[in-house]
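This report concerns only the one structure given below.
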Amino acid sequence: MHVKKGDTVVVITGKDVGKKGKVLRVLPKENRVIVEGVNRVKRHQRPSRAIPQGGILQIEAPLHASNVMLLCTKCKKPTRVGKKILDNNEKVRVCKKCGEIID
């Protein structure tokens with residue numbers, strides 16, 4: 001996956017195009033991500049011990065990973081992600097626009 005938990009991403013397509021948010025969860029088997037404040041859906045919740053009042057909750061639904069782009073911390077632009085191997089055989093992610101190491 002080109003994004004990890006905690007990354008800041010921009011939505012590039014869909015109903016929330018242009019919104020920025022932090023990745024809360026990555027689902028690699030389904031190739032989906034859950035982004036904070038993006039793709040919110042209403043869920044009807046029956047009262048339980050955890051939520052005694054029940055009601056209609058708004059939660060973030062998963063987005064396909066191809067619909068988000070990583071936001072580079074240096075150039076502050078959405079960018080594609082490249083891989084680079086350092087001298088100590090460590091793989092790192094690299095910004096394709098400015099060449100900065102992301103992690």
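Against the conditions (1) at negative phi; (2) out of contact with any strand residue (DSSP E or B) (no Cβ under 6 Å at 6 or more places or on another chain); (3) at pLDDT 95 or above, residue 52 satisfies every one except (3).
If we keep just the residues of region 37-74 that are part of a loop (DSSP other than H, G, I, E, B) and under 25 Å from the mean Cα position of the chain (by Cα), which is surrounded by the most Cβ atoms within 10 Å (Cβ to Cβ)?
Filtering region 37-74 for residues part of a loop (DSSP other than H, G, I, E, B) gives 37-39, 46-54, 61-62, 72-74.
Pick out the ones that are also under 25 Å from the mean Cα position of the chain (by Cα) and you get 37-39, 61-62, 72-74.
On the way: 37: 12, 38: 25, 39: 19, 61: 12, 62: 15, 72: 21, 73: 14, 74: 13.
Ranking the qualifying residues of region 37-74, first place goes to 38.
Restricting attention to region 75-94, the residues that are loosely packed, with under 13 Cβ neighbours inside 10 Å and within 14 Å of the chain's Cα centre (by Cα) add up to 1.
Within region 81-101, being under 17 Å from residue 6 (Cα atoms) and free of Cβ contacts under 8 Å to residues at least 60 places away in the same chain holds for 92, 94, 95, 101. Please work out if residue 30 is touching a residue at least 12 places away in the same chain (Cβ under 8 Å), surrounded by fewer than 11 Cβ atoms within 10 Å (Cβ to Cβ) and under 18 Å from the mean Cα position of the chain (by Cα). Taking the combined requirement at face value, the residue satisfies it.
Given the criteria assigned by TED's automatic domain parsing to the domain that holds residue 3 and more than 21 Å from residue 1 (Cβ to Cβ), does residue 19 qualify? Taking the combined requirement at face value, the residue does not satisfy it. Looking across region 3-27, the residues that are of a type outside the set (A, V, I, L, M, F, W, C) and assigned to a strand (DSSP E or B) come down to 8, 20, 21, 22, 25.
The values are calculated or read from the model by the stated rules, or taken from the named source; none is laboratory data. Just so it is clear, the structure is predicted and the values come from calculations on it, not from any experiment. So basically every Cβ, Gly included, is an ideal-geometry build from the backbone, and we count neighbours across all protein chains shown.
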